[in-house]
Amino acid sequence: MALHGKQPEKRRRPIVGATSPIFCRAGTAGDLPHGSIPQHPIDPDTAAQLIADELMLDGNARLNLATFVSTWMEPQARELMSMTFDKNMIDKDEYPRTADIEMRCVSILSRLWNSPDHEQATGCSTTGSSEAAMLSGMALKWRWRDRMRAQGKPVDRPNMVMGANVQVCWEKFARYWDVEARLVPMEGERYNLTGDEVVKYCDENTIGVVTVLGSTFDGSYEPVADICARLDRLQAETGLDVPVHVDGASGGFIAPFIDPELVWDFRLPRVQSINASGHKYGLVYPGVGWAIWRNPEALPDDLVFHVNYLGGDMPTFALNFSRPGNHVVAQYYNFVRLGFEGFREVQQAARDVAMHVAAEIGKMDAFRLLTDGSELPVFAFTIADGIDTFTVFDVSRVLREKGWLVPAYSFPENRQDLAALRIVVRNGFDRDLADLLVNDIRAAAEYLAQLTAPLPPDPAPHNFHH
């Protein structure tokens, strides 16, 4: 190779520095604003980097086994969502294709939930199952009120019957809309609602019974058909005609695909409405739910507002107003992309993984299964009898150190003596991750069993709240 010597420096215009290393830029030396808006702007990349760095301290959503909410979607779905963030779902006239996609989803779900051919089901999208529950509860109360007024009876003491295992949104509904929540307590090994218990709490002021297709406490289905049959007998004996709402927040997207023989939906004449979360086992990121009524009579017209849509009339029913259309588009993408068979494969895979993990935990001496994941892909387990050196809360704490978010919680009234851990298996949690979780649960139990004293109190407890 040739040898070269240092050359004399030529006179040049100085180069203006342009690299601007991101962690040396203006804005990185100070604290992110916490209580008031900053006085001056900063570079957009700098702002994004600072916020992204702070978010690194959040838990990993894919390892969050507490949430029922979807934490993975295909890149094509994410791209469609990014294209439709700016479309306001309420603006039907401006975004007619998005509005039409919402109508298609309602039609798809009504048939998935076995709406009879002779009935015209009606429904809408919502921000999630909580809003859908509020809308469904309002429809029940309005129908009851109209019926009582027609009979010349007072309407000041409505009540709703449901199990103590219902999601908190139903207690919120009862409080916000001045309805007495008659919560049927758990008893012994009965962790959800039954027909014989339901009728003990019903009277002429009962606006409806809420059944849960997939309890958030243990993943079990409530016996909707048995509850309806018992209410049929009650009507035959007393004349009381009590409608049923099915909270299918999770099970509404599970049972139709992998439990088709289970009768829980509009095949039961007493079921007047169903809600489900598209952002749970509907496989969409957080932000969409669905409410479907079996016919227009189940949804009182004075709850419905009418908007101009392409020169025509479109009825609407919602508690929210502006919201992006991207979640509805993503729901439709899943229907188109997966079809019935694709949904069946996804939900069956989740159940298979849940039952595998439950079976492995059931083999461990430290734990006792409460459910096994054979209904929702969800199961609960507790500390085995005779073990008093650690608790489910200790197990949850040790697993968090490994990155796993596994909730520990106490059951409600009448079974507050029972504390459990719960694992929710969702799309994206595969068998390999499941085996890693099993190994870490086994290791946590072995570690805790060796301690000669209880763990000190957690300085920042993360106990799960239903």
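Every read-out reported here was derived from the displayed coordinates using simple, explicitly stated rules and does not represent laboratory data. This is a predicted model, so every value here is computed, not measured. Heads up, the Cβs are rebuilt from the backbone with ideal geometry, glycines too, and the neighbour counts pull from every protein chain shown.
Only bridges whose two residues both fall in the range 80-334 count here: according to DSSP, what percent of them are antiparallel, nearest 5?
Details: 18 of 35 bridges.
Within the range 80-334, antiparallel bridges account for around 50 percent of the total.
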Checklist entry - Which value at 222 nm does the chain reach when only helices count, each DSSP H run of 4 or more adding -39,500 (n - 2.57), with the total divided by all residues and rounded to the nearest 500 deg cm²/dmol? => result -11000 deg cm²/dmol
Item to check | Cα centroid of the range 332-395 to Cα centroid of the range 81-115, whole Å | outcome: 32
Next on the checklist: Can you say what percent of the DSSP beta bridges in the chain, counting only those with both residues inside, are antiparallel? Round to 5.
Outcome noted: 60
Checklist entry - Which aspartates and glutamates does LYS153 reach when only Cα atoms under 17 Å apart count, and residues fewer than 8 places away in its own chain are ignored? => result ASP203, GLU204, ASP241
Checklist entry - Quick one: if the Förster radius is 56 Å, what FRET efficiency do ARG97 and LEU3 give, using the C-beta to C-beta distance and rounding to 0.05? => result 0.20
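If you take the beta carbon distance between ARG267 and ASP388 as r and set R0 to 51 Å, what does 1/(1 + (r/R0)^6) give as a FRET efficiency, to the nearest 0.05?
Working: r = 48 Å, r/R0 = 0.93.
Result of the calculation: an efficiency of 0.60.
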Next on the checklist: Can you compute the FRET efficiency between CYS24 and PHE305 using 1/(1 + (r/R0)^6), with r the Cβ-Cβ distance and R0 = 35 Å? Round to the nearest 0.05.
Outcome noted: 0.05
Checklist entry - In terms of modelled amide H atoms, which long-range or inter-chain residues lie less than 5 Å from the amide H of VAL212? => result GLU222, ASP247
Next on the checklist: Filter LYS141/LYS200; LYS87/LYS141; LYS172/LYS402; LYS200/LYS280; LYS87/LYS172; LYS172/LYS200 down to the pairs with a C-alpha to C-alpha distance above 27 Å, please.
Outcome noted: LYS87/LYS141; LYS172/LYS402; LYS200/LYS280; LYS87/LYS172
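If I stretch the segment between ARG190 and ARG104 completely, what's the gain in nm (0.36 nm per residue apart, minus their alpha carbon distance), one decimal? Intermediate results must be reported in sequence, preceding the final value.
Details: separation 86, 0.36 × 86 = 30.96 nm, distance 3.91 nm.
Net length gain for the segment: 27.0 nm.
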Checklist outcome for this item: The alpha-carbon pair-distance distribution computed for the range 80-334, with 10 angstrom bins and whole-percent values, is 7, 32, 36, 19, 5, 0
Next on the checklist: For a quick check: sort LYS6, LYS402, LYS280, LYS200 by the number of other beta carbons within 10 angstrom, fewest at the front.
Outcome noted: LYS6, LYS200, LYS402, LYS280
Checklist entry - So what's the net charge close to LEU65: Lys and Arg +1, Asp and Glu -1, counting the other residues with Cβ under 9 Å from its Cβ? => result +2
Item to check | For a label point 7 Å along the Cα-to-beta-carbon line of ARG147, residues of the range 223-239 with backbone N under 17 Å | outcome: 227-239
Checklist entry - Among the aspartates and glutamates, which have Cα under 12 Å from the Cα of LYS92 when same-chain residues fewer than 8 positions away are ignored? => result ASP100, GLU102, ASP313
Checklist entry - Averaged over all directions, how much area does the convex hull of the C-alpha atoms of the range 207-334 cover when projected, in nm²? => result 9.9
Item to check | For the range 282-431, radius of gyration divided by Kirkwood radius, i.e. Rg to Rh on alpha-carbons | outcome: 1.11
Checklist outcome for this item: In the chain, whole DSSP H helices that both stretch 30 Å or further along their axis by alpha carbon positions and average at least -1.0 on the Kyte-Doolittle scale are 129-150, 326-362
Checklist entry - Measuring from centroid to centroid over Cα atoms, what is the spacing of the range 147-209 and the range 210-254 in Å? => result 12
Item to check | Two-decimal ratio, the chain, of alpha-carbon radius of gyration to 2.2 N^0.38 Å | outcome: 1.18
Checklist outcome for this item: Amide H proximity to LEU418 below 5 Å, modelled H, separation 5+ or other chain, gives PHE411
